[in-house]
Amino acid sequence: MVLPPVLSPPLSEKLATLGIRLTEFRPDDELEQILAELAGLPAKDVVRASREINAAARLGWWTKERQQRGQWSNRWPEWNLLRTNPNYAWLFLFHSDGFAREAALDAIHDPPPSPFFFAALAWRLNDWAEPVRRAATRCAGRVLPRTSIDVAAKAAFYLLDRRLVWGRWRNEPAILDAVIERQDVIEALVQNFFTRGTGPFPTYLRHLLRYPNIDVHLPRLASSAKEPSVKAIAYQCLISGKASWVVGFEWVWIDKVYFARRRVPVLETREIRNDRSPADLIREAARDRSAIVRRAAADALIATRSQIPDAAALIAQLAKDKNPSVRSRADYMLRHPVT
């Protein structure tokens, strides 16, 4: 399947014109307009856009052409352009030459102006060249803590699972964690769970569970989130007093004779504080309109019914549920009483 280009044809043409001007070292009056249009791209398109930006503007190609013609033999034009106009740094984040990317990162002293450029800095933290990753670490530590709430929150949804996808970085995600786990950013992210009912929000919440600042929002997520699966996850955390999230994957053998194995997630867990009793939470979840939430209540009751004073009444209520998966769990508890 061939995906459509991320860049619009007019933007690609502007980048191509910019690339021609760069070969002649003529100042470009459209750089700010190009950067403004790039800033409007969604954070999730940063990887594909980086290739298209580099190809359209021929970043680094004109350097090689001049070297081949013997006109000069160093990389100073990029440095000169950065000194002339530091905003070239945002464009050179997508440069094919690692030295130019490193110089661009060292030239950035202002926080990213949009979620797209926030994601671009994060992408450079995963750069294939170690010196570029080090420069990206310096740059991120310098500017990301000053990123606006709106920019950080909009980029965060895309970046939450990148640690599981991008394979070159090691400790670099901690820099992103320091921004995402800010109380104001978590609060901005949580608001989406109440206003938007479609999308991978259960997955987003699973990733956000690594941050303790999410704990204070779990009761409201359990009672009022638009997506039933989000409510179920929040109830599970509150009832169990534990939050878990995926930190990686590992292979487990299914049948060594046939060399059959399966990739399974590796979880980390932490305790969460909650003032409400499991019994109250289970009763509340058992009355929810969504069968997904009521099923979560039944699962929690199976695990904790010996500690619930009115477990029998709850089981009887669930046994009359209109959803068969909920009734089956109540039937299991009736057939297997706690001894």
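Hey, got the dipole for the chain? About the Cα centre, +1 on K and R Cβ, -1 on D and E Cβ, debye to the nearest 20?
Computed charge dipole of the chain: roughly 1080 debye.
Starting from the exponent 0.38 and prefactor 2.2 Å, build the expected Rg for region 107-182 from its residue count and divide its actual Cα Rg by it.
0.97
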Whole-number percent relative contact order across region 1-180, with pairs defined as alpha carbons under 8 Å at least 6 apart
20 percent
Need one word for region 277-339: rounded, prolate or oblate. Basis is the Cα gyration tensor (sqrt eigenvalues a ≥ b ≥ c); a/c below 1.5 gives rounded, then a/b vs b/c decides.
oblate
Which one of P173, P111, P309 has the biggest mean-square fluctuation once the chain is modelled by GNM with Cα springs under 10 Å?
P309
Which whole-percent values make up P(r) of region 1-180 when all C-alpha to C-alpha distances are grouped in 5 Å steps starting at zero?
1, 8, 18, 21, 21, 15, 10, 4, 1, 0
Given the rule -39500 (n - 2.57) for each run of at least 4 DSSP H residues, summed and divided by the residues of the chain, what is its mean residue ellipticity at 222 nm, to the nearest 500 deg cm²/dmol?
-17000 deg cm²/dmol
For region 200-339, which semi-axes, largest first and in whole Å, follow from the square roots of 5 times the eigenvalues of its Cα gyration tensor?
27, 22, 14
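By its C-alpha gyration tensor, with a ≥ b ≥ c as the square roots of the eigenvalues, how is the chain shaped: rounded for a/c under 1.5, else prolate for a/b larger than b/c, else oblate?
Numbers: a/c = 2.94, a/b = 2.54, b/c = 1.16.
Because a/c hits 1.5 or more and a/b exceeds b/c, the chain counts as prolate.
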Stretch E30-V266 to full length: gain in nm at 0.36 nm per residue minus the Cα-Cα span?
80.2 nm
Which of E250, E37, E268 moves the most in a Gaussian network model of the chain with Cα springs under 10 Å?
E250
Residues whose placed amide H lies under 5 Å from that of W245, excluding near-sequence neighbours:
E268
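Only the coordinates and a few stated rules stand behind these numbers; no lab work does. All values reported here derive from a predicted model rather than from experimental measurement. Cβ: placed from backbone, ideal geometry, glycine included. Neighbour counts: every protein chain shown.
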